[in-house]
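Each remark here refers to the structure printed beneath this line.
The values are calculated or read from the model by the stated rules, or taken from the named source; none is laboratory data. If you're wondering where the values come from, they're calculated on a predicted model, not measured in any experiment. Cβ placement follows ideal geometry from the backbone for every residue including glycine, while neighbour counts extend to all protein chains displayed. Calculation scope for accessible area: heavy atoms of the full protein, side chains included, ligands and nucleic acids excluded. Shrake-Rupley method; radii C 1.70, N 1.55, O 1.52, S 1.80 Å.
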Amino acid sequence: MNGTIDGFQYGLVTPAAAYLMACLGSLLGLRCVVRTVHGEPGWKPGWLALGSASLGCGIWTMHFIAMTGFTLQQTRITYDVPLTVASLAVAIIVVAVGVFIVGYRGAAPVTLAAAGGVTGLGVAAMHYLGMYAMRLNGNIHYDPVIVTLSVVIAVVAATAALWAAVSVRGLLRSLGAALVMGAAVCGMHYTGMAAVSVHLHTAQASAAGGESGTSLLLPMLLGPLIFLVLAGVIVMFDPVLILGEGDWNRSKPTAAAAAATENAALGAGTEPHDLFRAQEGPWTAGR
């Protein structure tokens, strides 16, 4: 017999929370990549790694928050712990591949298509690996057409996110891109879930082995959630973000500009330090 699936056990709570996590991870990932591709100072591999981990954790957290609302009326769902952890690793690693490609090679069409394809397929692999980690008294079947559609959505969403990461500047634009990306990732997830059907072995039985959904997923979600909060603190207190992109490099005169200013001041009979004080801007006021 077929199981009765309820993907929204808690109503709109789990979809809304999943969407927020997807948006948060996308926003942090975009900001970290933007931080590197426009020549701002800092350790480029570190920022790209932080962006990859933020985006990967956001997508994985979105998936499993949504899965807390997925139930079968006739049987209990449990999860295989190693496979669940492996799905998190897959999410971070494949996102890192795409992020590092565009971070170092830019957004040329071929490069962007390759990075988006790898990342999108990896996101889809994370989703279906997480589904494979489910243990229940039955067999899970997928509609191949809908599965294909979900993979296409994942690739398009990943490509759009990577394009935005190297093309969009400014906090408000990054926020808008993150909202769109969050919607695309959630759309991929729920499209994939629409492909699911379950054929039960018996009418009344419990799943064998593993941990129950709530007892496993909620504690496991704490780690990625804490990481996203810490990543948010790092990004929000970054001086480049506070001053605005591009202002950091212009906040102090270059050596050539300083020499030219000094020569002009000497020729005009003006004290050089007076000109420097005027050029340094409001951030030095009161020194």
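Would you rank Y142, Y132 by solvent-accessible area, highest first, keeping every protein chain in place and using a 1.4 Å probe? If you can, show how the numbers build up before the last one.
Working: Y142 80, Y132 150 Å².
Accessible-area ranking of Y142, Y132, largest first: Y132, Y142.
Over the stretch 139-191, with every protein chain in place, what whole percent of the accessible area is carbon and sulfur at 1.4 Å, could you tell me?
Accessible surface attributable to carbon and sulfur in the stretch 139-191 totals 77 percent.
State, to one decimal in nm², a quarter of the convex hull surface area for the C-alpha atoms of the stretch 1-60, i.e. the direction-averaged projected area. It would help to have the intermediate numbers written out before the result.
Working: hull surface 22.0 nm².
Mean shadow area of the hull around the Cα atoms is 5.5 nm².
So how do 9-19, 24-34, 82-92 stack up, highest first, on mean other-Cβ count within 10 Å? Intermediate values should be presented prior to the final figure.
On the way: 9-19: 15.7, 24-34: 27.6, 82-92: 18.3.
Taking the mean over residues of other Cβ atoms within 10 Å, the ranking is 24-34, 82-92, 9-19.
Which peptide among 50-62, 222-234 comes first, and what is the full order, when sorted by highest mean count of other Cβ atoms within 10 Å? Please list the in-between numbers first.
Working: 50-62: 28.8, 222-234: 15.2.
Going by the mean number of other Cβ atoms within 10 Å, highest first, we get 50-62, 222-234.
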